[in-house]
1. Is it fair to say Asp353 is modelled with pLDDT under 95 and either surrounded by 14 or more Cβ atoms within 10 Å (Cβ to Cβ) or more than 22 Å from Gly173 (Cα to Cα) (or both)?
2. Kindly evaluate Phe126 against the criterion of being among the aromatic types (Phe, Trp, Tyr) and either open to solvent by less than 30 Å² (accessible area, probe 1.4 Å) or outside any loop (DSSP other than H, G, I, E, B) (or both).
3. Criterion first (at pLDDT 95 or above, surrounded by fewer than 20 Cβ atoms within 10 Å (Cβ to Cβ), within 22 Å of the chain's Cα centre (by Cα) and not in a helix (DSSP H, G or I)) does Arg203 satisfy it?
4. I want to confirm something. Restricting to segment 61-113 and keeping residues that are assigned to a helix (DSSP H, G or I) and in contact with a Leu (Cβ under 8 Å, 6 or more places away or on another chain), which single residue is surrounded by the fewest Cβ atoms within 10 Å (Cβ to Cβ)?
5. What are the residues in segment 37-60 that are more than 18 Å from Leu106 (Cβ to Cβ), assigned to a helix (DSSP H, G or I) and either touching a Leu at 6+ places or on another chain (Cβ under 8 Å) or open to solvent by 50 Å² or more (accessible area, probe 1.4 Å) (or both), if any?
6. Just one of the numbered conditions (1) touching a helix residue (DSSP H, G or I) at 6+ places or on another chain (Cβ under 6 Å); (2) of a type in the set (Gly, Ala, Ser); (3) surrounded by 20 or more Cβ atoms within 10 Å (Cβ to Cβ) is not true of Ala315; which one?
7. Here are Glu292, Glu285, Glu357: which of them is touching a Lys or Arg at 6+ places or on another chain (Cβ under 6 Å), of a type in the set (Asp, Glu) and under 19 Å from Pro147 (Cα atoms)?
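The values are calculated or read from the model by the stated rules, or taken from the named source; none is laboratory data. Predicted, not measured: the structure shown is a model, and the values here were computed from it. Cβ atoms come from the backbone with ideal geometry, glycine included; neighbour counts cover every protein chain shown. For the accessible areas, the whole protein counts, side chains as well, though only heavy atoms, and no ligand, DNA or RNA atoms are used. Shrake-Rupley method; radii C 1.70, N 1.55, O 1.52, S 1.80 Å.
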Amino acid sequence: MNANDCMALAMELARKGTGWTSPNPLVGAVLVKDGKIIGQGWHRRCGGLHAEREALAACTEDPAGATLYVTLEPCCHQGRQPPCTQAILDAGISKVVIGSRDPNPLVHGKGAALLRQAGVTVEEDFMREQCDTLNPVFFHYITHKTPYVAMKYAMTADGKIACHTGLSQWVTGEAARAHVQTLRHKYRGILAGIGTVLQDDPRLTCRMEGGRNPVRIICDSHLRIPLDSNLCRTAHEVPTIVACASPDQDKRKALDGLGVTVLDLPGPDGRVDLPALMAELGKREIDGILLEGGGGLNESMLRQGLVHKVYCYLAPKLFGGADAKSPVEGVGVDRPEDCWQLSSPTCTPMGEDLLLEYEVIQHVHRDH
């Protein structure tokens, strides 16, 4: 295997941790000696061994003199696990090839520098662009202390997320709906508005086999969530947060009794302060959020610059209806040049539907 193959394998290994490592990054590692792989590993879940130590533990022979390919700069500080740089030095590894640089101030550049000072040959930025695609959530979270937010919706070819009657099951086919479950597994939190709860009474759980349920977060300014809703009835099983503004204390007490965490975060407009909510979720180590809001919440999150990625499932259907709901409602922008600008999409067929993925590259802060 050449160097590119080794790093590609390390990336493949890293992805196996998807959904389990939060708030830690996805990392893979491959050890090569005399032209053959002698060890490989990945960060399996938060609190477990880091990829480098996993690879060393899996070694089939003495790693002294080996080359380590790792998708992210090795840590050099004591966190939930001891520093990987020390394990690398103790093992006598002669060369470390690094993909992504770690933006964590505790690590950034220090891990590579420490290894160099100890006489290890270090090559940085190897296939960095590809390795960086593993961790947009971690990179944002570690530098901003707030969640990376991915807005997801399914719409028809005429831009409707429901019929004028409010019925929306189903806009897309089975393949697209199954893919949504992989996103619920991938992102640590899922965010919806009270309108969605009142309309659909959803569970907002991950129905992927072997998947992990996200923390459920509901924006509910006036605490209208029904105590007998699916979310409330399952709050002891799946962590559930309701964000509100100046709650009724009796309702709050009832929700507390059901296991719901109530956050009182009033904004100047009498609704939930969304930036304050993001800051609070960051403190709770919720590093990434799948936004499954209605058009109103989606627009509010966009308006305040809180959305970073968009997943658009596009169905080959037309619903029509001047009053049928669309993915982004609210007031909207005044002029075309005030738009929320997205990157060029990646396009993936999902059965009869298409998945369009965009990065948000221009945030608009405009009050009405």
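1. Considered against the rule, which asks whether it is modelled with pLDDT under 95 and either surrounded by 14 or more Cβ atoms within 10 Å (Cβ to Cβ) or more than 22 Å from Gly173 (Cα to Cα) (or both), Asp353 comes out as no.
2. no
3. yes
4. Per the stated criteria, the residue is Leu89.
5. The answer is Ala55, Leu56, Ala57.
6. (1)
7. Within the list Glu292, Glu285, Glu357, the selection yields Glu292.
To keep it simple, each residue is scored yes or no on (1) loosely packed, with under 15 Cβ neighbours inside 10 Å; (2) in contact (Cβ under 8 Å) with a residue 40 or more places away in the chain.
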residue: Met151; (1), (2): no, yes
residue: Asp158; (1), (2): yes, yes
residue: Ile161; (1), (2): no, yes
residue: Thr165; (1), (2): yes, no
residue: Trp170; (1), (2): yes, no
residue: Arg177; (1), (2): no, no
residue: Tyr187; (1), (2): no, yes
residue: Ile190; (1), (2): no, yes
